[in-house]
1. Classify the stretch 1-145 as rounded, prolate or oblate, taking a ≥ b ≥ c as the square roots of the eigenvalues of its Cα gyration tensor: rounded when a/c is under 1.5, otherwise prolate if a/b is larger than b/c and oblate if not.
2. List Phe132, Phe26 from most exposed to least, where exposure is judged by having the fewest other Cβ atoms within 10 Å.
3. Quick one: longest stretch of the chain between exposed loop trypsin sites (Lys or Arg not before Pro), exposed meaning at most 14 other C-beta atoms within 10 Å and loop per DSSP?
4. Where does helix 39-50 land angle-wise versus the long Cα axis of the chain, in degrees 0 to 90, nearest 10?
5. Run the helix sum for the chain: -39,500 (n - 2.57) per DSSP H stretch of 4+ residues, divided by residue count, reported at 222 nm to the nearest 500 deg cm²/dmol.
6. Ranking Cys109, Cys84, Cys133 by Cβ neighbours within 10 Å, fewest first, what do you get?
7. I need Trp81, Trp19 ordered by Cβ neighbour count within 10 Å, fewest first.
Amino acid sequence: MTTLEPAREVLPARSASAWSALAAEFSGFTHLPARDLYKTELLRLAATVAAVPRLWRDHVAYGADNRHFVSLHRDAHVDIWLLCWTPQNDTGWHDHDVSSGAVAVVEGCLTEHNLAVARPSLATDVPAGQAFCFGPEHIHRLTGRDAGSVSIHAYSPPLWRMGQYAVGPTGVLRRTSVSYADELRPLDDMI
């Protein structure tokens, strides 16, 4: 009997690549396709926006208790955000409902945590200059590793709802639906 090796799961942040190599010439948000974008297209879009500081630099600000975030563009097919991080900032475990996404780190470093069952979460540092993408099935937690971290996030279709996860008192994982406009925070101490 032949035993098959388990498939190696590719974790998005562990597949991060240099966004400078992905960035295209910025031709304005009006030139985006009139359709939802694939995650690889979102990766290129996040990289392109990251490479044009005039689009986001004036919005950079930090808060000790809350992440600072600004919508840079939103239309029927795509949603682009600037997020500013400190080491105290933590999204908690979440998904993006039906949306795929991409993250480009432009300053500092973020840590992506991947939820794992019966073992500690898997943490991957994503330093400035790196970007990664993911599909709607992806559950993760992002934290700011460095003071003064900045990232560009692109989603398609645009975010409307997200799922936030926590472990209940009996050890059962539960999902709470939250609005895209709510700041994500940990619902408990599950790591």
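1. The shape class here is oblate.
2. Working: Phe132 24, Phe26 14.
Ascending number of Cβ neighbours within 10 Å: Phe26, Phe132.
3. For trypsin sites (Lys or Arg not before Pro) (loop position, at most 14 other Cβ atoms within 10 Å), the longest site-free span of the chain is 36-191.
4. Roughly 50 degrees, rounded to the nearest 10.
5. Dividing the helical sum by the residues of the chain leaves -2000 deg cm²/dmol.
6. Details: Cys109 20, Cys84 23, Cys133 26.
Placing the least packed residue first, the sequence is Cys109, Cys84, Cys133.
7. Going from least to most buried by this count: Trp81, Trp19.
A short reminder: the numbers here are calculations on the coordinates, not readings from a lab. Everything numeric here is computed off the predicted structure, so don't read it as measured data. Don't worry about glycine lacking a Cβ; one is built from the backbone with ideal geometry, like all the others, and counts go over all protein chains shown.
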